[in-house]
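Visitor: There's a structure below that I have some questions on.
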Amino acid sequence: MRRSLAILLAAGLALTGCSDRDAPRVFTIAYAPNESTEQSVDARNGMAEALSKALGMEVREIHASDYTAIIEALRTKKADMAYIGALAVGMAMRRAKATPIAMKAPEGDKSKAFYRSVILARANDARLRSIRDLKGHTMAFVDPDSTSGNLVPTAELIQAFPEDKLNSDLLHTNGRFFEAVGFSGKHQAGLQALLKGDVDAVPCSDNIFAFEVARGSVPKGALKVIHTSAPIPAEGMVVGPSVSPELREKVTRFLVGYADEAYFAQLLKVPGARFVACGPEDYAPILRLHDTINIE
């Protein structure tokens, strides 16, 4: 059993019930690996307290160390809801029978409910100016189930080097395309590895990159963007099979009406954002991309 999953199971958060009559005594929210979700405790707690009042039950939060652990917790009903990236949403739909119910949207406008993956290098690294310069260098992807940190940059590298007939395995094997390649586990960890010179390039969510620059953990001007992806569906809240249709409707209404600015600015990293209702169709493009490059 993976260590991260063991942590979740040891938390003693087993939930039962699939109707309002048998609703769980505790409603558990899992957050994806991200330093802001670890540090923004007040913002997390504020939402949990408000949701607890709306549902009339205790709401708890857990912070997982990887996306696989969150999906497994949803599948085994150890978590009821999770906030995760687009690829993890798709994987949760497939592996855990999860349902996406709300997605982050700047200004509450669903037409703006997207973000981008950027590939970054150190600003003073003259060798790297575009995605076509990456071959033979070192790279730290984020997590195998990260959308902006793995799926999208992998797909765009494959498209950028048609002559190399790349696939996911080649891109993630030392000495094949990259001199060395690995996973950092978190966007922020990848950024710090890049700043320290441990790797030559990293992919990152543009929202997280902007947030880390704004809060000073990445010095302004220290890193440069050498590639920007096409739009990616925004991160979303999914509910697992432990949540009945009636409870799911209540939670969706709460999320769409939730307007605590600290939660969106500090935790979700987009000031002025709000949740908008969504469904499986919003994440279909990411699942198609996943299937196309056969990452599993």
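The values are calculated or read from the model by the stated rules, or taken from the named source; none is laboratory data. Since the model is a prediction, treat every value here as computed from it, not as a measurement. So basically every Cβ, Gly included, is an ideal-geometry build from the backbone, and we count neighbours across all protein chains shown. Accessible surface is based on the protein model in full, side chains and every heavy atom, while ligands, DNA and RNA are left aside. Shrake-Rupley method; radii C 1.70, N 1.55, O 1.52, S 1.80 Å.
Visitor: Which of Gly197, Gly272, Gly185 ends up with the largest GNM mean-square fluctuation for the chain, with Cα atoms connected below 10 Å?
Guide: Between Gly197, Gly272, Gly185, it is Gly197 that shows the largest mean-square fluctuation.
Visitor: Another question, if that's okay. Provide the net charge surrounding His227, with neighbours chosen by a C-beta distance below 15 Å and charges set as Lys +1, Arg +1, Asp -1, Glu -1.
Guide: Taking every other residue near His227 into account, the sum is +2.
Visitor: Quick one: putting +1 on the C-beta of Lys and Arg, -1 on the C-beta of Asp and Glu, what dipole do you get for region 170-251 around its Cα centre, in Debye to the nearest 20? Could the numbers behind the result be given before it?
Guide: Working: 8 positive and 8 negative charges, 32 e Å.
My answer is approximately 160 debye.
Visitor: Next question. At q = 0.14, 0.15, 0.20 Å⁻¹, what is the base-10 log of I(q)/I(0) for region 144-296 according to the Debye formula with one equal point scatterer per Cα and no solvent? Please give it to two decimals.
Guide: The computed values of log10 I(q)/I(0) come out as -0.86, -0.96, -1.35.
Visitor: Kindly work out what percent of the DSSP beta bridges joining two residues of the chain are antiparallel, to the nearest 5.
Guide: On the way: 25 of 39 bridges.
Of those bridges, close to 65 percent are antiparallel.
Visitor: At a threshold of 8 angstrom on Cα-Cα distance, excluding pairs fewer than six apart, so keeping six or more, what relative contact order does region 118-232 reach in percent? Intermediate values should be presented prior to the final figure.
Guide: Working: 184 pairs, mean separation 50.9, N = 115.
Computed value for region 118-232: 44 percent relative contact order.
Visitor: Something else about it: To check you understand DSSP bridge types, tell me what percent of the beta bridges within region 114-255 (both residues inside) are antiparallel, rounded to 5.
Guide: Counting DSSP beta bridges with both partners in region 114-255, the antiparallel share is about 70 percent.
Visitor: In nm, give the distance between the simple-model label positions of Ala180 and Asn167, each being 7 Å from the Cα along the Cα-to-Cβ direction.
Guide: 2.7
Visitor: How big is the dipole moment of the chain about its Cα centre under a simple scheme where the beta carbon of each Lys and Arg is +1, that of each Asp and Glu is -1, and everything else is neutral? Debye, nearest 20, please.
Guide: Working: 35 positive and 35 negative charges, 11 e Å.
Dipole size: approximately 60 debye.
Visitor: At a 1.4 Å probe radius, carbon and sulfur cover how many percent of the accessible area of region 181-296?
Guide: On the way: 2620 of 4750 Å².
Here it works out to 55 percent.
Visitor: Please state, as a whole number in µm²/s, the translational diffusion coefficient that the Stokes-Einstein equation yields for the chain at 25 °C and 0.890 mPa s, with Rh defined as the Kirkwood radius across alpha carbon pairs.
Guide: Details: Rh = 19.5 Å.
The Stokes-Einstein estimate is 126 µm²/s.
Visitor: Okay, next question. Can you compute the helix-only [θ] at 222 nm over the chain? Use -39500 (n - 2.57) per DSSP H run of at least 4 residues, normalise by all residues, nearest 500 deg cm²/dmol. All intermediate terms of the calculation are to be shown ahead of the outcome.
Guide: Details: 11 runs with 103 residues, N = 296.
My calculation for the chain gives -10000 deg cm²/dmol from helical runs alone.
Visitor: To the nearest 20 debye, what charge dipole does region 79-147 have about its Cα centre, counting +1 at the Cβ of each Lys and Arg and -1 at the Cβ of each Asp and Glu? Numbers along the way, then the final one.
Guide: Numbers: 12 positive and 7 negative charges, 58 e Å.
The dipole magnitude comes to about 280 debye.
Visitor: Related question: Based on the Cβ-Cβ distance of Ala230 and Arg25, what FRET efficiency does E = 1/(1 + (r/R0)^6) give at R0 = 45 Å, to the nearest 0.05?
Guide: 0.55
Visitor: Among Ile70, Ile158, Ile232, determine the one that fluctuates most according to a GNM of the chain built with springs between C-alpha atoms less than 10 Å apart.
Guide: Top of the fluctuation ranking is Ile158.
Visitor: Roll a 1.4 Å probe over the protein chains and send me the accessible area per residue for region 25-171 in Å². Please list the in-between numbers first.
Guide: Values: 5440 Å² over 147 residues.
Heavy-atom accessible area per residue stands at 37 Å².
Visitor: Using a 1.4 angstrom probe on heavy atoms only, work out the carbon and sulfur share of the accessible area of region 79-119 in %.
Guide: Looking at region 79-119 in its full context, I get 51 percent from C and S.
Visitor: By how many nm would the segment from Lys112 to Arg248 grow when fully extended, if each residue of separation counts as 0.36 nm and the alpha-carbon distance is taken off?
Guide: Details: separation 136, 0.36 × 136 = 48.96 nm, distance 2.42 nm.
Full extension of this stretch gives 46.5 nm more.
Visitor: I want to check the label-to-label distance for Glu49 and Ala222. Put each point 7 Å from Cα in the C-beta direction and report it in nm to one decimal.
Guide: 3.4
Visitor: Using only Cα atoms, locate the centre of region 158-191 and the centre of region 201-216, then give the distance between them in Å, rounded to an integer.
Guide: Cα centres, region 158-191 to region 201-216: 20 Å.
Visitor: Stretch Arg127-Lys196 to full length: gain in nm at 0.36 nm per residue minus the Cα-Cα span? Walk me through the intermediate numbers first.
Guide: Numbers: separation 69, 0.36 × 69 = 24.84 nm, distance 1.69 nm.
Taking 0.36 nm per residue and subtracting the Cα distance, the gain is 23.2 nm.
Visitor: To continue, here is another question. Output the pairs from Lys112/Lys250; Lys78/Lys110; Lys196/Lys269; Lys196/Lys224; Lys186/Lys224 with a Cα-Cα distance over 21 Å in this structure; if there are none, say none. Mind dumping the intermediate values first?
Guide: Numbers: Lys112/Lys250 25 Å; Lys78/Lys110 30 Å; Lys196/Lys269 24 Å; Lys196/Lys224 14 Å; Lys186/Lys224 19 Å.
Going by Cα-Cα distance, Lys112/Lys250; Lys78/Lys110; Lys196/Lys269 fall outside the 21 Å limit.
Visitor: Using per-residue counts of other Cβ atoms within 10 Å, averaged over each peptide, order 280-290, 126-136 from highest down.
Guide: Values: 280-290: 16.9, 126-136: 14.5.
Sorting 280-290, 126-136 by mean packing, highest first, produces 280-290, 126-136.
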